[in-house]
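Notes for the one structure printed next.
The values are calculated or read from the model by the stated rules, or taken from the named source; none is laboratory data. Bear in mind the structure is a predicted one, so any value in this text is a computation, not a measurement. Ideal geometry is used to build each Cβ from the backbone, glycine not excepted, and the neighbour counts take in all protein chains shown. Accessible surface is based on the protein model in full, side chains and every heavy atom, while ligands, DNA and RNA are left aside. Shrake-Rupley method; radii C 1.70, N 1.55, O 1.52, S 1.80 Å.
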Amino acid sequence: MKKLTSIDDLIALRKQLSSEGVLAPNKKRIRVCCGTACRANKSLKLADKLYSEAKSNDTDVEIITTGCQGLCQLGPVMTIQPKGYFYHKVKPERAGDVISCTIKDEKPLWDLLFRRSIGEKPAYFIRDVPFYRKQQRIALRNNGRIDPTNILHYIATGGYRALEKALSTMTAQQVLEEVKKANLRGRGGAGFPAGVKWEHTRKAPDPVKLVIANGDEGDPGAFMDRSIMEGDPHSLLEGMLLCAYAIGAQQGIIYVRHEYPLAVKHLQIAIKQAEDSGLLGKNILGKGLDFRVQIKEGAGAFVCGEATALVASIEGERGFPNPRPPRLSEHGGGPWGYPANLNNIETYVCVPTIIEKGAGWFLKTGTATSPGTKVFALTGKVKNTGLVEVPMGMTLREIIFDIGGGIIGNKKFKAVQTGGPSGGCIPEQHLDLPIDFDSLAKVGSIMGSGGMVVMDEDNCIVDVAKFFLSFCQAESCGKCYPCRVGTYQMLQILEKITSGQGEEGDIERLETLGRYIKSSSLCGLGKSAPNPVLTTIKYFREEYEEHIRDKYCRAFVCQGLGQISLNTDICYQCKRCMDICPYEAIRESEEGLFYIDQVFCQRCKACFSVCPLGAIEIKEQPVLFIDKELCYFCRNCINICRVDAIKETSTGFMIDSTLCKRCGDCFKVCLMGAIKYEKEGKLLRKGIVAPLEVTVEKEEIIGEITIDEIRMDAEEKTCSVQKALTFLEEFIAGPMCGRCYPCSLGTEEAKIRLIRLSQHLDYATESDLQALKRIASFMIESSYCKKGRDTGRFLAEKIESAEEEFRLHISGICPKRECISSIEYVVNPDLCVACGACVKRCKYDAIKGEAAESAAGVLPFEIKQKVCVRCGECVNVCPTGAIEVISRIKEELINK
Amino acid sequence: MQIEKMQVDEQIGEIGRILTDQEKKKGIVIHALQQIQADIGYLPEDAVRELSRHLNLSMSEIYSVASFYKMFYFNPRGKKIVKVCLGTACYVRGSKKVLDSLENAFDIKSGETTEDLAMTLETVGCVGCCGLAPVTTINDEVAGEIIGSRKLEGLIRSVRED
């Protein structure tokens, strides 16, 4: 690419690009999201498929692999120009359909359009999707629109226009003033005005200054900066260039987390392209600005997101924070002592729009004290998770319920955690709070980098606080005591509370410790580490108290609380709980009843959620004690106790309640009844009736029988009724899926009627034959699949071809002598040689007679008709064929 | 990467113009360690000693940096990093069985590496895919719902093959 040496070159390039039609809105174009989340859902394969499909179809379509488009949950997503259709969950196999239907015929693919629920109309365009409707994109303006690895795309959409404007018409001071006037506040957390920071750095006397972008985004669940670095790296470079121009810096550093390899790759490509085209380097656009940018990769430390720790890490030291002053913007504060301006990625990305459109335009969005927009990573129990950018001042309710689509499973909202592990939990009463930096601080939370974790009633608030605190504790660098020791102690107390060992005064201890840590820690990480605990105590104190006093967790999350018990009145020993229990705590007693061995039970509640009858209940923990008046020290209880909870003291025996598992063994063995329940565990939660999960592992069905095979089996029979019956029996046992009624009910009904006919049951009438005909025709007409229709056809064929045979069955005659109740086996005395083979073979002792050497003088064998089940074994073994099959009815008729 | 051939100026980049020699050397330590680890898979003592000689920094200084950051390892790591999730959801659905059978199949304990450096077995708190429990990740690729012996054998086979 040609090097741009002046502003005119850049303008000319942009003109040329627009005349070439780069990113022109009327062209056929597919924008496939290739952010990290969509890549995990095979969006790269999808893009490849689209390429090859377009090529083989000879279609003129541009395929752009963009950065994150936001709706990560429904990925891979894509938008298709010129109509602007928005597709979600596009599998690579659908690439052909997209090209042939949407690109060639310009028709939407209905199943790929977004629908809120099945009954609702689909949203054709991105603006109709509720997730996007309320968003306003400033920082994410190019995310999802351009190819991040192509600088021409960025220039064509108006990129570097702010730089062009600043270099040609504004002085450095004016740029600075504009940012100050726009009141752009740092998007990394604290919300310090960027303009003021820039001014500090500009005023520093050093000739060498640095611009640092903080891309060390370590909060669990936050991915705003990653998406920007991956999807729009040039915006970041332009923002840094403007900052460098305003403060007079020569060198830029982007500090990126090691865990973001794709971001590093895209930034490297962007820097290379910018250097090649003269937008980075010496004498940029001929205006005498020198600026270079390089990337520094982190090595996995959360604390390095803190400014001074980040500086230490850049210098190649341990990532310890340092006391301020000197601030980064002052002499001696930044890396190697050079003053540096450090801002978050999102802050820099906002700068080009401010310069291009003016501070006045920027001030129009957002609130008075916090103008502009903010990107949030919406996660947790909301229906639509993903990246959202909204104007400041939008309420939490709008973000969670309008954009996020509400809580999964329409459960009750409990709290929202903002600002990652350093932020706080905001309860329902503040849902209508307009969000900006100051309002969040007022309710005890922070904006943070923009993580937003939504919790519902199934989340235990104490457990959540413990999770965030354990993150901070693990990530504490260990330099200062308040943070290193304090967070550890707080975590121990929380651990105690959640495991059911909480004591009175624990909440107060947590509050005091939290205050100390907040006031005396060295860096921002330590100062904000107790926030999740302190805000949850503030808003959910009663839940903490429940954990401590009642040993009760209302969300049933904390494992140490309550006691799982099995109600033997309900239990019918299906063993589902036994199979699922990972601790083998469910045992069978000598009486054959199931019980839960409390010594092994870890209260994971796996059994609770699997019991189909609701026999597993959660009870309050009972308290056992030894009545010293009655105890006569037989030591039976000490011997039986498996956890050594019964201690011998100078005044007698006692139960150590911290060790006791409440298994009740000692209660049972005490001869004197000295062990008593101080408190019986009262029922806290009844068992829930879990749905029976039928897990069919498809691979295990070995070679499913086909209809043809069944037909072959059926045709082996000679009697038409038997043919039909065999067919139906095998069909019901094998391929019938039971999905549609004509087939599932019809076959069963037909089977019953055929059995009546074949066994000549008393109530077999003409109506059975009519019913069979009707069922057959219904199945042919209205069965869902071919299998069902084939079965119906077979039945119809048989009835049609041998209706007379069916009719004979009604009167009890089977012409083919196959239907067992219509036939009799008799011994033909002329042929019988009295060999006795049939007697030996008959399992039912139905054949009377004695075996003899020769048939002379011996009574012929006889078959007892009442015992004979017509199994046919004797017919097979008879060497002379003396056993004959006769039709019973006919003989009787003849006899009459 | 050959440590003695490492050029400090080249590694530090443009910013080196404003730094002293000592600052430059210190500044590339993390980068150099990352490169060594990318090459060898971990940080052997010999390589650290060589780096210390090359950069004229004391070993303790280099170790003090390396031990701070989570991504540096001082023991050899297997080609495949297998992490078994022992988070609550996974534990309840039987991830302990998965761990046990992996330990038996490769004759190593959790946290160890096989002798042929084929794989390292680790446990992890929660990988956030509780819907797929029990979950195991192989080089960050998630294998979920490992229930039943056939799935387990499949997992072991997929770890064994290259």
*Can you find a residue in the range B:50-65 that is touching a residue at least 40 places away in the same chain (Cβ under 8 Å) and open to solvent by 40 Å² or more (accessible area, probe 1.4 Å)?*
yes
*Meets criteria (part of a helix (DSSP H, G or I) and closer than 19 Å to residue A:296 by Cβ) for residue B:9*: yes
*Quick one: residue B:66 ticks every box in (1) in contact with an Asp or Glu (Cβ under 9 Å, 6 or more places away or on another chain); (2) closer than 29 Å to residue A:475 by Cα; (3) within 11 Å of another protein chain (Cβ to nearest Cβ); (4) not charged (D, E, K, R) except a single one, so which number is it?*
(1)
*Name, by its number, the condition in (1) part of a loop (DSSP other than H, G, I, E, B); (2) out of contact with any His (no Cβ under 8 Å at 6 or more places or on another chain); (3) under 27 Å from residue A:458 (Cβ atoms) that does not hold for residue A:565.*
(1)
*asked:* I'd like to verify a number: residues in the range A:1-58 that are part of a loop (DSSP other than H, G, I, E, B), within 25 Å of residue A:162 (Cβ to Cβ), out of contact with any helix residue (DSSP H, G or I) (no Cβ under 7 Å at 6 or more places or on another chain) and not basic (Lys, Arg), how many?
replied: 5
*On the given criteria, is residue A:581 within 33 Å of the chain's Cα centre (by Cα), within 28 Å of residue A:429 (Cα to Cα), within 14 Å of chain B (Cβ to nearest Cβ) and of a type outside the set (Phe, Trp, Tyr)?*
no
*Can you tell which of A:616, A:586 is under 33 Å from the mean Cα position of the chain (by Cα), in contact (Cβ under 8 Å) with a residue 40 or more places away in the chain and open to solvent by less than 20 Å² (accessible area, probe 1.4 Å)?*
A:616
_Restricting to the range A:359-388, and then to whatever is at positive phi and open to solvent by 10 Å² or more (accessible area, probe 1.4 Å), can you tell me which residue is modelled with the lowest pLDDT?_
A:380
*asked:* For the range B:18-27: of the residues being more than 7 Å from chain A (Cβ to nearest Cβ) and touching a residue at least 12 places away in the same chain (Cβ under 8 Å), which is farthest from residue A:207 (Cα to Cα)?
replied: B:25
*Residue list for the range B:82-103, filter: farther than 20 Å from residue A:583 by Cβ and open to solvent by 30 Å² or more (accessible area, probe 1.4 Å)*: B:83
*If you check residue A:90 against the conditions, is it within 22 Å of the chain's Cα centre (by Cα) and either within 22 Å of residue A:266 (Cα to Cα) or not polar (S, T, N, Q) (or both)?*
yes
_Candidate set: the range B:85-113, residues that are modelled with pLDDT of 85 or more and within 14 Å of chain A (Cβ to nearest Cβ); chosen: the one nearest to residue B:133 (Cα to Cα)_ = B:98
*Name the one entry in A:355, A:400 that is part of a helix (DSSP H, G or I), within 19 Å of the chain's Cα centre (by Cα) and surrounded by 18 or more Cβ atoms within 10 Å (Cβ to Cβ).*
A:400
_Being touching a residue at least 40 places away in the same chain (Cβ under 8 Å) and under 22 Å from residue A:138 (Cα atoms) is the requirement here; does residue A:371 meet it?_
yes
_Where residue B:3 falls short, out of the listed (1) out of contact with any Phe, Trp or Tyr (no Cβ under 7 Å at 6 or more places or on another chain); (2) at the interface with chain A (Cβ under 8 Å from one of its Cβ atoms)_ = (2)
*Quick one: would you say residue B:37 is under 30 Å from residue B:146 (Cβ atoms), outside any loop (DSSP other than H, G, I, E, B), at pLDDT 85 or above and not assigned by TED's automatic domain parsing to the domain that holds residue B:147?*
yes
*Close pairs (6 angstrom Cβ cut-off, 6 or more residues apart or separate chains): under 20 Å from residue B:22 (Cα atoms) in the range A:304-320, assigned to a helix (DSSP H, G or I) and polar (S, T, N, Q) anywhere*: A:318/B:64; A:319/A:313
_Condition met for residue A:497 (buried (at least 18 other Cβ atoms within 10 Å of the Cβ), under 28 Å from residue A:521 (Cβ atoms) and touching a His at 6+ places or on another chain (Cβ under 6 Å))_ = yes
_I'm trying to understand the selection: among the residues of the range B:104-114, which are within 16 Å of the chain's Cα centre (by Cα) and surrounded by fewer than 19 Cβ atoms within 10 Å (Cβ to Cβ)?_
B:110, B:111, B:112, B:114
*Select the helices (runs of 4 or more DSSP H) contained entirely in the range A:86-185, then report the ones holding at least 2 residues which are more than 20 Å from residue A:68 (Cβ to Cβ) and not hydrophobic (A, V, I, L, M, F, W, C).*
A:161-169, A:172-181
*at pLDDT 90 or above, within 9 Å of chain A (Cβ to nearest Cβ), closer than 23 Å to residue A:338 by Cβ and open to solvent by less than 30 Å² (accessible area, probe 1.4 Å), is that true of residue B:15?*
no
*Assess whether residue A:217 counts as being touching a residue at least 24 places away in the same chain (Cβ under 8 Å), part of a loop (DSSP other than H, G, I, E, B), within 25 Å of residue A:147 (Cβ to Cβ) and touching a helix residue (DSSP H, G or I) at 6+ places or on another chain (Cβ under 8 Å).*
yes
_Looking only at the range A:256-304, count every residue that is away from chain B (no Cβ under 12 Å), open to solvent by less than 10 Å² (accessible area, probe 1.4 Å) and within 20 Å of residue B:11 (Cβ to Cβ) and tell me the total._
2
*When you look at residue A:549, is it open to solvent by 50 Å² or more (accessible area, probe 1.4 Å), part of a loop (DSSP other than H, G, I, E, B) and in the same structural domain as residue A:495 (by TED's automatic domain parsing), yes or no?*
no
_Leading residue by the ranking (surrounded by the most Cβ atoms within 10 Å (Cβ to Cβ)) among those in the range A:305-331 that are within 14 Å of chain B (Cβ to nearest Cβ), small (Gly, Ala, Ser) and part of a loop (DSSP other than H, G, I, E, B)_ = A:319
*Can you tell me which residues in the range A:722-743 are part of a helix (DSSP H, G or I) and either among the charged types (D, E, K, R) or surrounded by fewer than 17 Cβ atoms within 10 Å (Cβ to Cβ) (or both)?*
A:723, A:729, A:730, A:733, A:741
*Looking at (1) assigned by TED's automatic domain parsing to the domain that holds residue A:262; (2) touching a residue at least 40 places away in the same chain (Cβ under 8 Å), can you tell me which one residue A:144 breaks?*
(1)
